[in-house]
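The structure under discussion appears below in the form of structure tokens.
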Amino acid sequence: MTFRKFVILTAVGGIAIAGAAYAEVHKPIIGQKNKVFSLQEVNMPQGATIRVENDDNIVHTLLITKPDGIRSDLGLQKPGEQLDITLEQLGDYMVRCGIHPAMKMVVHTR
Ligand SMILES: [Cu+2]
């Protein structure tokens with residue numbers, strides 16, 4: 001490997017590591033209060049993680065439909081509990097509460 005190639009590869013690796021660290025530190029927290037998500041529409045880079053926190057004094061349950069159409073139920077989320085969702089796919093994630101159908105949020109990844 002030439003020195004020049006080594007420098008370029010090192011720089012690219014550094015940017016990837018910095019990006020992962022940035023996403024970890026700046027993980028957005030979306031609250032659930034009075035049966036409403038604190039954000040109804042979120043834009044995130046593909047691969048990022050969001051944290052959903054139950055700020056209510058009632059139980060919620062997160063149902064997620066991923067961009068490929070596959071649904072998953074993250075189960076009961078008690079007051080004060082946090083759940084992390086990693087956005088591996090490109091497209092729109094539809095998030096709602098299985099108990100309170102009016103609670104909806106869409107997360108776009110690009
Ligand atoms: Cu709910």
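The values are calculated or read from the model by the stated rules, or taken from the named source; none is laboratory data. Bear in mind the structure is a predicted one, so any value in this text is a computation, not a measurement. Ideal geometry is used to build each Cβ from the backbone, glycine not excepted, and the neighbour counts take in all protein chains shown.
Report whether or not GLY31 is on the phi > 0 side of the Ramachandran plot and in contact with a strand residue (DSSP E or B) (Cβ under 8 Å, 6 or more places away or on another chain).
No: the conditions fail for GLY31.
Has the range 70-83 got at least one residue that is within 15 Å of the chain's Cα centre (by Cα) and within 17 Å of SER38 (Cα to Cα)?
Yes, the conditions are met somewhere in the range 70-83.
Six or more apart or on different chains, Cβ under 7 Å: which pairs go from a residue in the range 82-110 that's within 11 Å of VAL42 (Cα to Cα) and in contact (Cβ under 8 Å) with a residue 60 or more places away in the chain to one that's assigned to a strand (DSSP E or B) and acidic (Asp, Glu)? Could you list them?
Close Cβ pairs satisfying both conditions: VAL106/GLU41; VAL106/ASP92; HIS108/ASP92.
Which pairs turn up if I take residues in the range 45-67 that are more than 12 Å from LYS78 (Cα to Cα) and look for partners that are hydrophobic (A, V, I, L, M, F, W, C) and not in a strand (DSSP E or B) with beta carbon separation below 6 Å, at least 6 apart in sequence or on another chain?
Note: pairs meeting the criteria are GLN46/LEU90; ALA48/ALA23; ALA48/LEU87.
Which one of these is surrounded by fewer than 18 Cβ atoms within 10 Å (Cβ to Cβ), in contact (Cβ under 8 Å) with a residue 40 or more places away in the chain and over 13 Å from the mean Cα position of the chain (by Cα): LYS27, LYS35? Step through it out loud before you land on a result.
Numbers: LYS27 fails: over 13 Å from the mean Cα position of the chain (by Cα).
Only one candidate passes the filter, namely LYS35.
Report whether or not ILE70 is β-branched (Val, Ile, Thr), surrounded by fewer than 14 Cβ atoms within 10 Å (Cβ to Cβ) and modelled with pLDDT of 95 or more.
yes
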